[in-house]
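*Asks:* The structure under discussion is supplied below as structure tokens; questions concerning it will follow.
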Amino acid sequence: GEWPTWLQGILLRNGPGMHTIGDTKYNHWFDGLALLHSFTFKNGEVYYRSKYLRSDAYNCNVEANRIVVSEFGTMAYPDPCKNIFAKAFCYLSHTIPEFTDNCLINIMKTGDDFYATSETNFIRKINPQTLETLEKIIDFLRIYEFTSTLCCSKYKSQAGVTNATRCLEFNIKVLYFYLFSEKEKKKSCFKHLEVVCSIPSRSLLHPSYYHSFGITENYIIFVEQPFRLDIVKMATAYIRGVNWASCLAYHKEEKTWFHFIDKKTKKEIPTKIYTDAMVLFHHVNAYEEDGHIVFDIIAYADNSLYDMFYLKNLNKDFEENTKLTSVPTCKRFVVPLQYDKDAEVGSNLVTLPSTATAIKEKDGSIYCQPEILCEGIELPRINYDYNGKKYRYVFATGVQWSPVPTKIVKFNVQTKETLHWTEDHCWPSEPIFVPRPDAKEEDDGVVLTCIVMSDPNKAPFLLALDAKTFKELGRATVNVEMHLDLHGIFIPEKDMKTEPE
């Protein structure tokens, strides 16, 4: 095919790459050492490059030729040859876990710089052109004694906000959200962070798991789900011989609470707003309309997804034998901000045309039920010029009862129309939408996705689709063993520092 000549820049992807070190193996696919991929587009041609993130975890493991740094699904224990004192010290030191800097989940742009990120309190600066690993960042987070710090790894940006993301800090008592100052776009931005709001955790020793959040023009949205981390179990996991992942549990009998933070007042909306139990990883988009907050998410009825990716399950019959017990569902919640305070108990406060409801309870709280937009999509992306605004299109991977994506989907949230691309033996990654320069329409551009082949005799490739029609524009075959990845970004040529080739 032909690659659009206007497509100039770098597609940068991140995900687990190395799962075996010496004679040791990780237990879970999400534990693998981070492998960065880049596709550079220049004058209608595509250039591929990949490199392992040279994290401290990578360096320590490779030097020892065994896994010596624990990951979420794999605990690393002392060398059997160590003496008893060294072993005792190692066990005691894990009471307060020091998390890995194996930043394998996403890529974040802050100011002029780019960082590999994960769900721990470390990020690693990288050079997006050479994929060189640069400094390790931690000091911008305030880490308290007995604090379990996990960070949102799925980031969003919005006009007027410089990467309105970095992170949630799970202190036992509060959740902090940090918002980068628009004025601090250089390296110093990590030293100029603003605590926007603190939210008391529903359970002091059982904070909720967060992977992403929503943002509108005036509000930040946190969903406190009953998929929670047990701090006591986490502190004793190493001694008990279990991994940290086993300390996460889904409490299906509990409710899911919504928190809306007003960006102007820096206070949470006082009304208690909730829905039924669910597990959430990815927000799609959110916006405000006629006194309501509308936000779309991908939700599950249980936490079976994580268990699917233990390496013991990833055998040749994975697609046929491994089935989710809950299909991912795109749900739309509509929450009224302005409503009649004298409305009758049991009345639906939603006035927008939607099947979503918000029922007033006797105690003044609001119980929400969503509109089901569609089922079977994950890793959602949008045209981020529409982030925080009313929008039409979601670009996502298509999955059903197997967690492995088999198609790329374009879904219209307003008309419910769907387009898709699929091909035998193809496992596509998260699709990235790149708008055409000076585009006037939301879907004017291309969708890029990395395709891994389940047939070992066929080479992987980068696929480009016309975002309007979903017709294939071109593919760039890569003669390497390319891995499934997780998240990434497209960096336009104008956003990159100029460096000599």
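*Asks:* Holding the Cα-Cα limit at 30 Å, pick out from LYS323/LYS416; LYS136/LYS458; LYS267/LYS362; LYS109/LYS267; LYS389/LYS458 the pairs that are longer than that. Let's see the in-between values first.
*Replies:* Details: LYS323/LYS416 26 Å; LYS136/LYS458 38 Å; LYS267/LYS362 24 Å; LYS109/LYS267 27 Å; LYS389/LYS458 41 Å.
From LYS323/LYS416; LYS136/LYS458; LYS267/LYS362; LYS109/LYS267; LYS389/LYS458, over 30 Å: LYS136/LYS458; LYS389/LYS458.
*Asks:* Taking R0 as 25 Å, what's the FRET efficiency between ASN348 and ARG202 from their Cβ-Cβ distance, rounded to 0.05? Show your work: numbers first, answer last.
*Replies:* Values: r = 26 Å, r/R0 = 1.03.
Taking R0 as 25 Å, the efficiency between ASN348 and ARG202 is 0.45.
*Asks:* Where does the charge balance sit around THR355 when Lys and Arg score +1, Asp and Glu -1, over other residues with C-beta under 13 Å from its C-beta?
*Replies:* Details: positive: LYS331, ARG332, LYS416; negative: GLU371.
Around THR355, the surrounding residues sum to +2.
*Asks:* Step through the residues of the range 323-330 one at a time and calculate ³J(HN,Hα) from phi using the Karplus curve (6.51 cos²θ - 1.76 cosθ + 1.60, θ = phi - 60°), rounding each to whole Hz and writing x for Gly and Pro.
*Replies:* 10, 5, 8, 8, 7, x, 10, 7
*Asks:* Any chance you could look up the accessible area of TRP427 with a 1.4 Å probe, heavy atoms only, rounded to 10 Å²?
*Replies:* Its accessible surface works out to 50 Å², give or take rounding.
*Asks:* Does the range 354-440 come out rounded, prolate or oblate by the C-alpha gyration tensor, with a ≥ b ≥ c the root eigenvalues, rounded set by a/c under 1.5 and, if not, prolate when a/b is larger than b/c and oblate if not?
*Replies:* Working: a/c = 2.78, a/b = 1.52, b/c = 1.82.
Oblate shape, in that a/c is at least 1.5 and b/c is the bigger or equal ratio.
The values are calculated or read from the model by the stated rules, or taken from the named source; none is laboratory data. Not measured: the values here are computed from a predicted model. As a convention, Cβ positions derive from the backbone with ideal geometry for all residues, glycine included, and neighbour counts pool all protein chains shown. Just the protein is used for accessible areas: all its heavy atoms, side chains included, with ligands, DNA and RNA removed. Shrake-Rupley method; radii C 1.70, N 1.55, O 1.52, S 1.80 Å.
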